[in-house]
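First comes the structure, then the notes that go with it.
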Amino acid sequence: MATSTMLPLTPEAFLCNFLVEPDPGNPALSEDCPICHQLYDEDHFPMQITQTEGCKHIFGLHCLTNWLTSNNANNNTCPLCRTRLYGLSLRDEGIRAQVRLVQSIQAEEEYEPQVDILVDLINRYWEDHSRHNAQFQQRFRRARRTRWKARRDARRTERVAQAQEDAQRNALEDEE
């Protein structure tokens, strides 16, 4: 699939600049379009691909236009031999990918200070949250201990009071 080094970038540019009417004596010119298999006529006339290495196929202009502007994954290639007809060459695509990578790295470096600030804020938030959580748990334990001590003291007071009542009752019974 050899291609020339300067491909047009769009299907429109290809259709405007890389097609010619085929010579009527051209042996490659058949009576019908290889895409739709209809005979060529004044509404469906043949056009030959030019200026590409390895591809000189002939198609009906309407069919080729539909092919090149379709959403087909191979729409930038010849329908017969798959020679690339427009778009970036593989080398150019590689260069563009490298440029995008460098730009993304630069963007990361540009936003790195803001990211660091956000990370610091999040860390401080979690430290504050952990500290407040620890303080809350400590207060909760103290309150529980205080309630427990209050209940324990109340039970002791009840037992002491009960013991005093029992002692008084026993003393009264002994006196009688």
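Structure above, values below:
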read-out	value
Breaking point among (1) at positive phi; (2) crowded, with 18+ Cβ neighbours inside 10 Å, for GLN48	(1)
Subset tally (residues that are of a type in the set (Ser, Thr, Tyr) and touching a strand residue (DSSP E or B) at 6+ places or on another chain (Cβ under 8 Å)) for region 6-41	2
Any hit, region 82-92, residues being assigned to a loop (DSSP other than H, G, I, E, B), modelled with pLDDT under 80, surrounded by 11 or more Cβ atoms within 10 Å (Cβ to Cβ) and not aromatic (Phe, Trp, Tyr)	yes
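One line per residue, one yes/no per condition, for (1) more than 30 Å from LEU15 (Cβ to Cβ); (2) without any contact (Cβ under 8 Å) to a residue 40 or more places away in the chain:
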{"position": "THR83", "(1), (2)": "no, no"}
{"position": "VAL99", "(1), (2)": "no, yes"}
{"position": "ASN123", "(1), (2)": "yes, yes"}
{"position": "ASP128", "(1), (2)": "yes, yes"}
{"position": "ALA143", "(1), (2)": "yes, yes"}
{"position": "LYS149", "(1), (2)": "yes, yes"}
{"position": "GLU165", "(1), (2)": "yes, yes"}
{"position": "ARG169", "(1), (2)": "yes, yes"}
{"position": "GLU175", "(1), (2)": "yes, yes"}
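So that you can scan it fast, the table gives a plain yes or no per residue for (1) in a loop (DSSP other than H, G, I, E, B); (2) at positive phi; (3) surrounded by fewer than 16 Cβ atoms within 10 Å (Cβ to Cβ); (4) among the acidic types (Asp, Glu):
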residue: LEU7; (1), (2), (3), (4): yes, no, no, no
residue: PHE14; (1), (2), (3), (4): no, no, no, no
residue: GLY25; (1), (2), (3), (4): yes, no, yes, no
residue: ALA28; (1), (2), (3), (4): yes, no, yes, no
residue: PRO34; (1), (2), (3), (4): yes, no, yes, no
residue: ASP41; (1), (2), (3), (4): yes, no, yes, yes
residue: GLY54; (1), (2), (3), (4): yes, yes, yes, no
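The values are calculated or read from the model by the stated rules, or taken from the named source; none is laboratory data. This is a predicted model, so every value here is computed, not measured. For neighbour counting, all protein chains shown are included, and Cβ atoms are generated from backbone atoms with ideal geometry for every residue, glycine included.
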